[in-house]
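See structure below.
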Amino acid sequence: TQAGALSLGSAGSFGLLGGSGVTNTGSSVINNGNVGSAPTPAVTGFPPGVVNNGILFTVADPVTAQAHADLITAYTAAQTAPGGVPGPADLGGAILTPGVYTYVSTAAWTAGTLTLNGAGEYIFQIGTAITTPANAVVNLINGASSDQVFWALGSSATLGAANAFAGNILAQTSITLGGGTLDGRALALDGAVTISTAETVNVPAAIPEASTSPPLGSGLL
């Protein structure tokens with residue numbers, strides 16, 4: 001994540017992180033991220049689920065405990081990020097540029113594609129929940145990166161069937177993935193992360209921070 005921007009800390013190494021557990025159904029694939037749960041380390045469904053280039057934590061571990069602590073910090077930062085403006089009445093069909101978008105309660109998404117246009121941070125501060133329809137798409141264009149998209153939910157997120165979703169889902173309670181792809185992370189503070197139909201989760205690489213170091217070789221002459 002860029003310098004000065006919202007950081008997930010060690011939670012960023014997880015594709016799926018639950019508070020009360022992680023449950024998978026079907027041949028899900030988690031790419032480039034860990035899977036675990038803290039403080040309750042109840043993880044089931046792996047196999048048939050597969051974790052590629054990541055660690056599957058099925059018992060209590062200091063790594064998951066620290067990730068949970070870092071998630072609380074990140075969630076608080078996302079929910080309190082300043083400068084928010086009211087989000088569009090319907091996310092389906094909306095085109096947004098970087099910024100902080102706020103919803104007092106739920107964020108509506110009736111159908112279609114949400115387009116995020118441009119490099120920078122997108123934070124969605126949602127008072128309660130989001131439920132996406134089948135075939136919902138988050139389209140990233142002109143430098144928008146899934147690593148810099150944050151969905152901060154006061155309660156839960158439920159992604160519909162065949163979604164092509166993007167961003168870091170930070171939910172106070174639960175997250176349900178309904179089959180499709182998530183280019184991002186599903187991170188729940190208190191409740192469970194549940195995959196109800198086989199899902200592919202692609203954990204993005206972090207955006208490199210801007211270097212503040214002098215050029216290599218500087219000062220050697």
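The values are calculated or read from the model by the stated rules, or taken from the named source; none is laboratory data. Small disclaimer: the values here were computed from a predicted structure and weren't measured. A quick note on method: Cβ atoms are made from the backbone with ideal geometry, for glycine too, and the neighbour counts reach across all protein chains shown. Protein only, heavy atoms only, side chains kept; ligands, DNA and RNA dropped before computing areas. Shrake-Rupley method; radii C 1.70, N 1.55, O 1.52, S 1.80 Å.
Summary table below
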{"quantity": "Cα-projected label distance for L56 with N31, points at 7 Å along beta-carbon direction, nm", "calculated": "1.9"}
{"quantity": "For the stretch 121-186: accessible area per residue (Å², 1.4 Å)", "calculated": "24"}
{"quantity": "Fraction of accessible area attributable to carbon and sulfur, the chain (%, probe 1.4 Å)", "calculated": "59"}
{"quantity": "Exposure of T25 as accessible area (Å², to 10), given a probe of 1.4 Å and all protein chains", "calculated": "70"}
{"quantity": "Relative packing of peptides 189-197, 173-181 - highest average C-beta neighbours within 10 Å first", "calculated": "173-181, 189-197"}
{"quantity": "Alpha-carbon Rg/Rh ratio, for the stretch 100-216, with Rh computed the Kirkwood way", "calculated": "1.01"}
{"quantity": "Relative contact order (%) - the stretch 82-181, alpha-carbon pairs under 8 angstrom, separation at least six", "calculated": "22"}
{"quantity": "For the stretch 114-170 versus the stretch 1-67, the gap between their alpha-carbon centres in whole angstrom", "calculated": "19"}
{"quantity": "Ranked order, E121, E199 - accessible area, probe 1.4 Å, largest first", "calculated": "E121, E199"}
{"quantity": "Label point distance in nm, T131-T73, each placed 7 Å from Cα along Cα→Cβ", "calculated": "3.5"}
{"quantity": "Volume in Å³ per residue [convex hull over Cα atoms, computed for the stretch 1-143]", "calculated": "130"}
{"quantity": "In order through the stretch 5-16: 3J(HN,Hα) via Karplus (6.51 cos²θ - 1.76 cosθ + 1.60), integer Hz, x for Gly, Pro", "calculated": "8, 5, 10, 8, x, 5, 5, x, 7, 9, x, 10"}
{"quantity": "Accessible area expressed per residue, the stretch 6-89, with surrounding protein chains retained (probe 1.4 Å, Å²)", "calculated": "43"}
{"quantity": "Protection-proxy order for peptides 138-147, 13-22, each taking the mean of Cβ atoms within 10 Å per residue, highest first", "calculated": "13-22, 138-147"}
